[in-house]
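Visitor: This is the structure I want to talk about, given as structure tokens.
The values are calculated or read from the model by the stated rules, or taken from the named source; none is laboratory data. The model shown is predicted, which means the values in this text are computed figures rather than measured ones. Reconstructed Cβ throughout: ideal geometry from the backbone, glycine too, with neighbour counts over all protein chains shown. The area values use the complete protein model at the heavy-atom level, side chains included, leaving out ligands, DNA and RNA. Shrake-Rupley method; radii C 1.70, N 1.55, O 1.52, S 1.80 Å.
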Amino acid sequence: AQETAGLLTPDGQVTALVLLDSVLPLPTHLPPTDHALRHFRDFATYVRHTYGTALDLPYDELADLDDLDDTARIDLVIKVLRDTVELPEAVLEHQRTSYLDLRSGERHRPGTYAGRTLLYRASEPAPHTVRDPRYEREDATLGWDAHCTDLTVVPLPGHHLSLLDPPVVDHLARLLTRDLRDS
């Protein structure tokens, strides 16, 4: 969204850039393969705790895949998950697309955006399946102050996963109506 707003701004079409609890990850010193393997080990731990079943992932095979081939990595994990735990296809597809979206966002390097930016930020930590310290930022701007020069942070009650469900989404709608009224 930030990249798109920057591309549209020369044409004067952007009233405000709206970010919903978007977090820029903190830098890591881990090589991409090591980071991916840590992520999948943590996911296997989550599966064991949640479903009482060991998720025996082929870590050597995952490590041998190209660092840019996120699709091959997650497809292999989903295949093993499908064979291990009985889950609805929608859950498996959600896990797959969430991972691919996350990886795509991690590769993006935002530029500077000078237009009006509204960051609606969850005020509580999210109950994610895999915790990643790169996303557990303490700064109120979630890293966007380095890239958005006209940034307003608006706190929301709840955590990231609750933002689009009542009652938080109703509160968000009221805030958006208020904040975009004069636009």
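Visitor: Considering the range 69-89 alone, what residues qualify as being assigned to a helix (DSSP H, G or I) and under 29 Å from Leu24 (Cβ atoms)?
Guide: Those that are assigned to a helix (DSSP H, G or I) and under 29 Å from Leu24 (Cβ atoms): Asp70, Thr71, Ala72, Arg73, Ile74, Asp75, Leu76, Val77, Ile78, Leu81.
Visitor: Could I ask something else about it? Quick check on my filter: what residues within the range 107-135 are open to solvent by 20 Å² or more (accessible area, probe 1.4 Å), under 29 Å from Arg48 (Cβ atoms) and without any contact (Cβ under 8 Å) to a residue 60 or more places away in the chain?
Guide: Glu124, Pro125, Pro127, His128
Visitor: Considering each residue of the range 144-163, count those that are surrounded by fewer than 16 Cβ atoms within 10 Å (Cβ to Cβ) and of a type outside the set (A, V, I, L, M), and give that number.
Guide: So the first thing to find is which residues in the range 144-163 are surrounded by fewer than 16 Cβ atoms within 10 Å (Cβ to Cβ), and the list is 145-146, 149-150, 152, 154-155, 157, 161.
Applying the additional criterion that residues be of a type outside the set (A, V, I, L, M) yields 145, 149-150, 152, 155, 157.
Residues in the range 144-163 being surrounded by fewer than 16 Cβ atoms within 10 Å (Cβ to Cβ) and of a type outside the set (A, V, I, L, M): 6 in total.
Visitor: Can you name every residue in the range 40-68 that is closer than 26 Å to Glu86 by Cβ, assigned to a loop (DSSP other than H, G, I, E, B) and either charged (D, E, K, R) or in contact with a strand residue (DSSP E or B) (Cβ under 9 Å, 6 or more places away or on another chain) (or both)?
Guide: Restricting attention to the range 40-68, the residues satisfying the condition of being closer than 26 Å to Glu86 by Cβ are 40-59, 61-62.
After this cut, where a residue has to be assigned to a loop (DSSP other than H, G, I, E, B) as well, the list is 52-58.
Once the filter is applied, which keeps residues that are closer than 26 Å to Glu86 by Cβ, assigned to a loop (DSSP other than H, G, I, E, B) and either charged (D, E, K, R) or in contact with a strand residue (DSSP E or B) (Cβ under 9 Å, 6 or more places away or on another chain) (or both), the range 40-68 yields only Asp56.
Visitor: Something else: Tally up the residues in the range 49-106 that are hydrophobic (A, V, I, L, M, F, W, C) and open to solvent by 70 Å² or more (accessible area, probe 1.4 Å), please.
Guide: 2
Visitor: Can you pull out every residue in the range 164-183 that is open to solvent by 70 Å² or more (accessible area, probe 1.4 Å) and either under 27 Å from His94 (Cβ atoms) or free of Cβ contacts under 8 Å to residues at least 12 places away in the same chain (or both)?
Guide: Leu164, Asp165, Pro166, Pro167, Asp170, Arg174, Thr177, Arg178, Arg181, Asp182
Visitor: Follow-up. If I filter the range 82-97 for residues that are among the hydroxyl-bearing types (Ser, Thr, Tyr), over 17 Å from the mean Cα position of the chain (by Cα) and farther than 28 Å from Glu138 by Cα, do I get at least one hit?
Guide: Looking for residues that are among the hydroxyl-bearing types (Ser, Thr, Tyr), over 17 Å from the mean Cα position of the chain (by Cα) and farther than 28 Å from Glu138 by Cα, one finds at least one in the range 82-97, hence yes.
Visitor: I want to confirm something. Restricting to the range 1-39 and keeping residues that are part of a helix (DSSP H, G or I) and in contact with a His (Cβ under 9 Å, 6 or more places away or on another chain), which single residue is surrounded by the most Cβ atoms within 10 Å (Cβ to Cβ)?
Guide: The initial filter retains those residues of the range 1-39 that are part of a helix (DSSP H, G or I), namely 2-11, 32-39.
Then drop every residue that is not in contact with a His (Cβ under 9 Å, 6 or more places away or on another chain), which leaves 2-3.
Values: Gln2: 20, Glu3: 13.
Here the answer is Gln2.
Visitor: Looking for whichever is small (Gly, Ala, Ser) and assigned to a helix (DSSP H, G or I) here; the options are Ala140, Ala173. Which one fits?
Guide: Unique residue meeting the criteria: Ala173.
Visitor: Then there is this: What pairs come up if the first residue lies in the range 1-14 and is under 20 Å from Gly105 (Cβ atoms), the second is of a type in the set (Phe, Trp, Tyr), and their beta carbons are under 7 Å apart, counting only those six or more places apart or on different chains?
Guide: Filtered contacts from the range 1-14: Gln2/Tyr113; Ala5/Tyr113; Gly6/Tyr113.
Visitor: Right, another one. Is it the case that the range 154-163 has a residue that's within 30 Å of Ala72 (Cβ to Cβ), part of a loop (DSSP other than H, G, I, E, B), touching a residue at least 60 places away in the same chain (Cβ under 8 Å) and touching a Leu at 6+ places or on another chain (Cβ under 9 Å)?
Guide: no
Visitor: Now for a separate question. Please go through the range 1-51 and pick out each residue that is among the acidic types (Asp, Glu) and more than 21 Å from Glu136 (Cβ to Cβ).
Guide: Glu3, Asp11, listed by residue number.
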